[in-house]
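The values are calculated or read from the model by the stated rules, or taken from the named source; none is laboratory data. Computed from a prediction, not measured in an experiment: that's the story for all the values here. All Cβ positions, even for glycine, are placed from backbone atoms using ideal geometry, and neighbour counts span all protein chains on display.
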Amino acid sequence: MARRSTKTPPPEDFEEKILDIDVVDEMQGSFLEYAYSVIYSRALPDARDGMKPVHRRIVYQMNEMGLRRDRGYVKCARVVGEVMGKLHPHGDASIYDALVRMAQPFSMRLPLVDGHGNFGSLGNDDPPAAMRYTECRMADATTLMTESIDEDTVDFSPNYDGQENEPGVLPAAYPNLLVNGATGIAVGMATNMPPHNLGEVIAAARHLIKHPGADLETLMRFVPGPDLPTGGRIVGLTGIRDAYASGRGTFKIRATVSVEDVTPRRKGLVVTELPFTVGPEKVTAKIKDLVSAKKLQGIADVKDLTDRSHGLRLVIEVKNGFVPEAVLEQLFKLTPMEESFGINNVALVDGQPLTMGLKELLEVYLDHRFEVVRRRSEFRRTKRRNRLHLVEGLLVALLDIDEVIRLIRSSDNSSQAKERLIEHFSLSEVQTQYILDTPLRRLTRFDKIELESERDRLNGEIEELTAILDSDSELRKIVSTELAAVAKQFGTDRRTVLMESAGAPVAAVSLEVADDPCRVLISSTGLLARTANGQPFSEDSGKRAKHDVVMSAVPATARGDVGVVTSSGRLLRIAVIDLPKLPDTASVPNLAGGAQISEFITLEDGESVVCLTTLDESSPGLAIGTEQGIVKRVVPDYPANKDELEVIGLKDGDRVVGAAELRTGEEDLVFITDDAQLLRYPAGQVRPQGRPAGGMAGVKLAVGAKVISFTVVDPAVDAVVFTVAGSHGTLDDSAQTAKLTPFDQYPRKGRATGGVRCQRFLKGEDLLVLAWAGPAPARAASANGTAVEQLPEHDPRRDGSGIPLLTPVAALAGPAS
């Protein structure tokens, strides 16, 4: 079965015409039309009000809806719907995106929309909520963009369907294009203009009003550079000058960063301002990618602490051993913390895209503003003249009101009354109609006074407006005065810092901290620190401070390690670079800037730190003494891959009471027991043993006695023995007696012997509570670390009794060096 054709035949008089068009010509023509449409109707801002059509339509429609600051918020979806339905023949997404940007304080230097809800975050890390959730109204400054728009100040044209009218430009009471900047990509051209400070731009505009021939140098005294909503630092002003001169230029924006102590042991880079359009999540992600790819060194952690209360705060922790300033230079080089901004001042002037410098932009705006004020003044004068005409006619009628009433009453109709009034009083048709429409209650003596007063006022206003229209200087004065009022109301301080250059780069500074010599110290209260250099502290007699009794000090380097020997016989490794660095001091050390040892190592219950030691395997080793009289020399074997080592195998109930690193191997080992016995013998009498060994007999103890002090003393130096006697149960009492005796008063004995008496007990004393032997001068501290100044004089008797102390002593030590 054949299919029936559905094609409609052409009419009999149809004449087929086919035009042969070159496809190249057709494509060129169509593309040019499309390009012009994009340039003029979508992508580029007008140089007069600084707005693209979508922004202008949003502001105008919000003004028509009455969404001013004295009104409540309305849903953004309602505004978008009104704009799309009446003025903007495009999708709702583009309208809402434009509205959102006008509400973002980090995108606009002077926001045009007062938003309520989530309008996104810096860098679009957090996108805005849907328009059905957010609300908006006009910002205070937006009313200035539409001010006097109903006074014939701008031209209107039909909308896309001819049912509505829309303004071709807004009156714009301030230079919005320079203040808020603009971004747009058209066909074959683009614009990218940074925001500026309102007060600075208006100051330049007012100067140009007064001095039309001002050069760029003069204008840049008022506008030295962009002022970005997010602050930051602009580095290099050459590109800005080029942009202000020719309309094109490039400058760099850097984040605002400070070096702070983010933890007790670590410094960090705290970012409080980022480059324009860069968000913290973008920076954080880039840093983490670079660190994982091992292209960025020295970063320990990145924390985004940004909140609504404190604003942007991005904390970048720097690893110990790296110079923060050098790390910052790496961040500027490799991350969005430094961005380039290319200025391209392209805007529409009389419908044509032009690239303009600072002066040209100001001149175009001022010409527009002059025209707005001129048209406004003409509109107001015409309106006042029309009103004056009516008032004068009403005053003429009031002079002979009885005749007016008679003429009206004797007329057959209103048309005859109008003609008779015009003929009798020489009135115009408009005046006559106004008299006929005026209620009789207004035709009183009081109303006559009011009308005369209104007539005089209107005459004065007309004279003022005429003076403005007839005098160019008056017109300029009005525009300048109005701009000054805007600057006073909405002007703010500059946020962006302008820098001629970035300064000398930190190329001369190594990224990592130099492995300089230093000394590691631990105080009587457990404070740990390192010095700024490797020189020992001087022994100048000066006022001593809290925590200046250093219990142990060892030489080290800034990037090296030291060991901590504990009472449990453990040796724990600590990186020197992690320790807080003390400033150079002029006299005795002060560890008030140190950190507690518990921040670096974890001690078990009842475990305490005995001493510090280097991890130098070329040294004679470590000497250790225990409470039960065991002595040991440890073979210096410290594997670099282990952070915890056992240096002595202790018996049950035993503990390490003292340890020290041997320097030459010729030192003496000194035991002091709580029953006031001192044993001294050469270190050579003790055979070195491996780390797990349990040591050998060091001192012979009496029944019930225990060792309270074990030290290493170089017999070639001036040394002393410091003992403090007390009694059981009164260790913290002030009833203490102390004795200082020259070390050479005590003879050498053999290892594992009982030694000699070092202090005779007085009545009520039965043991030594503290003892120490080492290089002079001796030092003492109370339980809270405060230095005890009043110490006894040297007593040459090795078994003499002590002298009462005024302040209880809790720790004994020698000089820090």
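Side notes on the structure shown:
- The listed residues are R380, R420, R406, and the only one of them that is assigned to a helix (DSSP H, G or I) and at pLDDT 90 or above turns out to be R380.
- Residues in the stretch 262-296 that are part of a loop (DSSP other than H, G, I, E, B) and of a type in the set (G, A, S) were compared, and the one that is farthest from S107 (Cα to Cα) is A293.
- Counting only strands (runs of 3 or more DSSP E) that fall entirely inside the stretch 149-229 and contain at least 3 residues that are within 25 Å of T355 (Cβ to Cβ), the qualifying elements are 182-185, 190-193.
- Meeting the requirement of 2 or more residues that are at pLDDT 90 or above, the helices (runs of 4 or more DSSP H) wholly within the stretch 1-102 are 53-64, 76-86.
To keep it simple, each residue is scored yes or no on (1) more than 17 Å from M145 (Cβ to Cβ); (2) hydrophobic (A, V, I, L, M, F, W, C); (3) in the same structural domain as T142 (by TED's automatic domain parsing).
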position	(1), (2), (3)
C76	yes, yes, yes
V79	no, yes, yes
M84	yes, yes, yes
D92	yes, no, yes
A98	no, yes, yes
M102	no, yes, yes
M108	no, yes, yes
L112	no, yes, yes
G115	no, no, yes
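- Only one of L498, L465 that is of a type in the set (A, V, I, L, M, F, W, C) and either at pLDDT below 90 or not in a helix (DSSP H, G or I) (or both): L498
- Filter result for the condition that a residue is surrounded by 16 or more Cβ atoms within 10 Å (Cβ to Cβ) and farther than 15 Å from V479 by Cβ, over I408, I401: I408
- Complete set of residues in the stretch 329-372 that are part of a helix (DSSP H, G or I) and of a type in the set (A, V, I, L, M, F, W, C): L331, F332, L334, L358, L361, L362, V364, L366, F370, V372
- Positions within the stretch 221-251 being surrounded by 23 or more Cβ atoms within 10 Å (Cβ to Cβ), out of contact with any Gly (no Cβ under 7 Å at 6 or more places or on another chain) and not β-branched (V, I, T), in sequence order: G225, P226, D227, L228, G232
- Against the test of being modelled with pLDDT of 90 or more and either in the same structural domain as I708 (by TED's automatic domain parsing) or surrounded by fewer than 15 Cβ atoms within 10 Å (Cβ to Cβ) (or both), the options P808, P792, P775, P796 yield a single qualifying residue, P775.
- Strands (runs of 3 or more DSSP E) lying entirely in the stretch 548-588 (those with 2 or more residues that are modelled with pLDDT under 90): 550-557
- Members of the stretch 47-82 that are of a type in the set (D, E) and over 19 Å from D140 (Cβ atoms): E82
Listed here are the residues, each with its yes/no results for (1) within 29 Å of L305 (Cβ to Cβ); (2) among the β-branched types (V, I, T).
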| position | (1), (2) |
| --- | --- |
| G50 | no, no |
| V83 | no, yes |
| R101 | yes, no |
| G117 | yes, no |
| L122 | yes, no |
| M138 | no, no |
| F156 | no, no |
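- Among residues of the stretch 448-476, those that are farther than 19 Å from R384 by Cα, free of Cβ contacts under 8 Å to residues at least 12 places away in the same chain and surrounded by 13 or more Cβ atoms within 10 Å (Cβ to Cβ), counted: 1
- Matching residues, the stretch 768-812, being within 50 Å of the chain's Cα centre (by Cα) and either without any contact (Cβ under 8 Å) to a residue 24 or more places away in the chain or assigned to a strand (DSSP E or B) (or both): R779, A780, A781, A787, V788, A811, L812
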